[in-house]
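First up is the structure itself, then whatever we jot down about it.
The values are calculated or read from the model by the stated rules, or taken from the named source; none is laboratory data. Fair warning: this is a prediction, and the values are worked out from it, not measured in the lab. All Cβ positions, glycine included, derive from the backbone under ideal geometry; neighbour counts span all protein chains shown. Keep in mind that these areas ignore ligands, DNA and RNA; they rest on the heavy atoms of the full protein, side chains included. Shrake-Rupley method; radii C 1.70, N 1.55, O 1.52, S 1.80 Å.
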Amino acid sequence: MTPSQSAQPTLRRAAIEAIERALAAAIRSGFLPPVAAGDAPLVIEVQRPAKPEHGDLATNVALKLARPYRRAPLEIAQAIAVELSREVEEDPTATPIASISVAPPGFINLHLSDAALDGVVARILAEPAGWGRVAARRPRRINVEFVSANPTGPLTIGNARGAFVGDVLCRVLEAGGHSVAREYYFNDSGAQIGKLGATILAIRTGQPIPEDGYHGDYTQALAAELPDAVLAEAAASGADAGAVVGSWAAGAVRTGIEASLDHLGVHFDVWKSEGSLHTEGWVERAIERLRAGGHVYVQDGATWFRSTTFGDDKDRVILRSTGEPTYFASDIGYVTEKFSRGFDELIYVWGSDHHGTVARVRNAAEAMGYDREAVRMLLIAWVRFVVDGVEVSMSKRAGTFITLDQLLDEVGVDAARWFFASRAPTSGIDFDIELAKKQSSENPVYYVQYAHARIASILRRAGEAGLEPADSVGSAIEGSAEARLAREIVRLPEVIEDAAALEEAQGITAFATELATAFHAFYRDAKVIEPTEPERSRARLALVAAAQHTLANALALLGISAPESM
RNA sequence: GCGCCUGUAGCUCAGUGGAUAGAGCGUCGGCCUCCGGAGCCGAAGGUCGCAGGUUCGAAUCCUGUCGGGCGCGCCA
């Protein structure tokens, strides 16, 4: 992204500013009374009308002002529309607006000018890579922690949603003008790792697997790979044998997890172990910080954080009566460690089963002097994985699970990414694996990819015919087929802006589908390659190329490939 | 019992207080002498769980209620 690209306001933003000027002008001229000093600042909302006859953009500002002004919304709308029209007439290049109309009960409908649409297309062609990215109004440095599965076994399909949602969230935030660090938190020591080690040791030495051990096939493979040196070290360590083998196994498992994530197209900037938070002193210092603030007390031999001060329903133990820190203590230390790296905001992508810990972590952050609003948890609802109508229950311990790798071998990364990106993270969803496989060729993702590939084919054929895209659509945009497609294309920055603000990705998939539909309609109505009409062909090729860049950039936000052919 | 999430077309799901609630799949009916038919056009299909309330306007906000999911450890 270059400054020239990012500095361009969206068409929507330009429209909002024009409305603000018109409102101010209407007040100056006495048509409308001044805004009272005590009133909350008016936020002008502009949206895409559902119906094309309502224009390209619409604002409800007159409806909002009706109550404080005690005036009919239509009158207010007309007063603002008059000023908007005056500006458009005096200088048609001042705004992207070509015409204004007022509709009951008080909407102001705006129509974009062909010149504005053409200008955007020209910018896309001049700089396709940065197209769609926007400058954040308040850029933040954001830490996004996701997946964070402990290395006790391979990633399962239970981890799929968090991995994809977290990854797409990062891409969206970056495109929205923020800087993002992707972070994976894990515990490679402790009781569960010890049990994993004990399991592997038992298999390797021909003993039965412990009751509370891990029964998946992968432990067999790990046992076979266990180096003799580690085995010898374990034997020499006596009671800690499980921990020694577990430590080695955790490393091996993590390597496998990284490979799986790589296959998904998910990459992390930081891998942080829970143990390091202790050895580096973060937990200890965080507890001291809470203690200094008077937020800690000792009872029954344990050390408690007074979480109720901040609205929690009970206080929380941070040091057990044995002196051992709890998992929550690590969380607290981690908060300080993350903020020490200069982040403005921490986002945790958690399974919804962790919602009970949200309040205490935010409370601790507040108690240590951080803004609790800067600590945000995105709770991902569970996915019911269903095979032949029967839910598959996952247990790493019991060894009954489907790995992420298996799922993606069957369903495909692009289809799986689309499936999760197109659904709200907070809503529980069913994933029928058989159905997903069966319908994969009819998955909406292929509809979008097909549009991209079709454009690639057109551009190839045009090149063979000696036709190259023009620098812009020019006067050809006055055609209705061109204008309709252009109206979809130019929305990308607004879609990204909204997605980044909402920290959601569904809008991207919806937009990509609508753009693909718009392209297919254009393809039906407008013949692109027409050697006898080279100028019009070149203009249409420009528009088609802009559509292709837009599709490619939208798909890239989702981590989905944009094929040249399929 | 308390807390968080959730209930929208036959199925799977979109829908940041706005105009006639949408998409994909499925069903039914049309469209290839022409740039890719993984496409296009059309039809059927909805008391937005239910009942109140706020608002000029509610699928959206509030209250209650019914159903589903998940939590409520000196586990992680």
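Only one of these conditions is not met by A:Cys170: (1) in contact (Cβ under 8 Å) with a residue 40 or more places away in the chain; (2) open to solvent by less than 30 Å² (accessible area, probe 1.4 Å). Which number is it?
A:Cys170 satisfies all of (1) in contact (Cβ under 8 Å) with a residue 40 or more places away in the chain; (2) open to solvent by less than 30 Å² (accessible area, probe 1.4 Å) except (1).
Any residue at all in region A:465-474 that is within 16 Å of A:Val121 (Cα to Cα), out of contact with any strand residue (DSSP E or B) (no Cβ under 9 Å at 6 or more places or on another chain), more than 10 Å from RNA strand B (Cβ to nearest atom) and open to solvent by 70 Å² or more (accessible area, probe 1.4 Å)?
Within region A:465-474 (the criterion being within 16 Å of A:Val121 (Cα to Cα), out of contact with any strand residue (DSSP E or B) (no Cβ under 9 Å at 6 or more places or on another chain), more than 10 Å from RNA strand B (Cβ to nearest atom) and open to solvent by 70 Å² or more (accessible area, probe 1.4 Å)), the answer is yes, since at least one residue qualifies.
Answer with yes or no whether A:Phe343 is more than 9 Å from RNA strand B (Cβ to nearest atom), more than 22 Å from A:Glu145 (Cα to Cα), of a type outside the set (Ser, Thr, Tyr) and buried (at least 17 other Cβ atoms within 10 Å of the Cβ).
no
Please enumerate the residues belonging to region A:510-558 that are of a type in the set (Ser, Thr, Tyr) and within 27 Å of the chain's Cα centre (by Cα).
A:Thr513, A:Thr517, A:Thr550
Going by the conditions given, is A:Gly507 at negative phi, more than 8 Å from RNA strand B (Cβ to nearest atom), free of Cβ contacts under 8 Å to residues at least 60 places away in the same chain and among the small types (Gly, Ala, Ser)?
Against the criterion (at negative phi, more than 8 Å from RNA strand B (Cβ to nearest atom), free of Cβ contacts under 8 Å to residues at least 60 places away in the same chain and among the small types (Gly, Ala, Ser)), A:Gly507 does not qualify.
Is at least one residue of region A:537-557 open to solvent by 40 Å² or more (accessible area, probe 1.4 Å), within 11 Å of RNA strand B (Cβ to nearest atom) and either of a type in the set (D, E, K, R) or at pLDDT below 95 (or both)?
No, region A:537-557 has no match at all.
Of all the residues that make up region A:484-504, how many are open to solvent by less than 10 Å² (accessible area, probe 1.4 Å), more than 11 Å from RNA strand B (Cβ to nearest atom) and assigned to a helix (DSSP H, G or I)?
6
Does any residue in region A:320-333 that is under 20 Å from A:Leu346 (Cβ atoms) come within less than 6 Å, Cβ to Cβ, of a residue that is within 8 Å of RNA strand B (Cβ to nearest atom) and in a helix (DSSP H, G or I) six or more places away or on a different chain, and which pairs are these?
Listed pairs, sorted by first residue: A:Ser330/A:Glu274.
Being open to solvent by less than 30 Å² (accessible area, probe 1.4 Å) and free of Cβ contacts under 8 Å to residues at least 40 places away in the same chain is the filter here, so list the residues in region A:298-314 that pass it.
A:Ala302, A:Thr303
Looking at region A:58-72 only, could you name the residues that are within 9 Å of RNA strand B (Cβ to nearest atom) and either open to solvent by 80 Å² or more (accessible area, probe 1.4 Å) or hydroxyl-bearing (Ser, Thr, Tyr) (or both)?
A:Thr59, A:Lys64, A:Arg67, listed by residue number.
State whether one or more residues within region A:511-534 are more than 12 Å from RNA strand B (Cβ to nearest atom) and assigned to a helix (DSSP H, G or I).
Yes, region A:511-534 contains at least one residue that is more than 12 Å from RNA strand B (Cβ to nearest atom) and assigned to a helix (DSSP H, G or I).
Residue by residue through region A:278-332, note down the ones that are more than 18 Å from A:Val358 (Cα to Cα), out of contact with any helix residue (DSSP H, G or I) (no Cβ under 8 Å at 6 or more places or on another chain) and more than 10 Å from RNA strand B (Cβ to nearest atom).
A:Thr279, A:Gly281, A:Glu288, A:Arg291, A:Ala292, A:Gly294, A:Tyr297
Among the residues of region A:354-375, how many are open to solvent by 20 Å² or more (accessible area, probe 1.4 Å) and either away from RNA strand B (no atom under 13 Å from the Cβ) or farther than 20 Å from A:Asp167 by Cα (or both)?
13
Can you tell me which residue among A:Ala50, A:Ala98, A:Ala77 is outside the structural domain of A:Thr550 (by TED's automatic domain parsing), at pLDDT 90 or above, within 20 Å of A:Arg491 (Cβ to Cβ) and among the small types (Gly, Ala, Ser)?
Just one listed residue meets the conditions, A:Ala98.
Tally up the residues in region A:191-229 that are surrounded by 16 or more Cβ atoms within 10 Å (Cβ to Cβ), closer than 17 Å to A:Arg254 by Cα and of a type in the set (A, V, I, L, M), please.
Looking only at that region, the number is 6.
Just one of A:Thr308, A:Thr322, A:Thr279 is assigned by TED's automatic domain parsing to the domain that holds A:Ala250 and under 30 Å from A:Glu503 (Cα atoms); which is it?
A:Thr308
Does at least one position in region A:134-143 carry a residue that is in contact (Cβ under 8 Å) with a residue 60 or more places away in the chain, buried (at least 19 other Cβ atoms within 10 Å of the Cβ) and assigned to a loop (DSSP other than H, G, I, E, B)?
Within region A:134-143, one or more residues are in contact (Cβ under 8 Å) with a residue 60 or more places away in the chain, buried (at least 19 other Cβ atoms within 10 Å of the Cβ) and assigned to a loop (DSSP other than H, G, I, E, B).
How many of the residues in region A:429-455 are closer than 23 Å to A:Leu557 by Cα and either within 6 Å of RNA strand B (Cβ to nearest atom) or in contact with a Leu (Cβ under 8 Å, 6 or more places away or on another chain) (or both)?
Count: 14.
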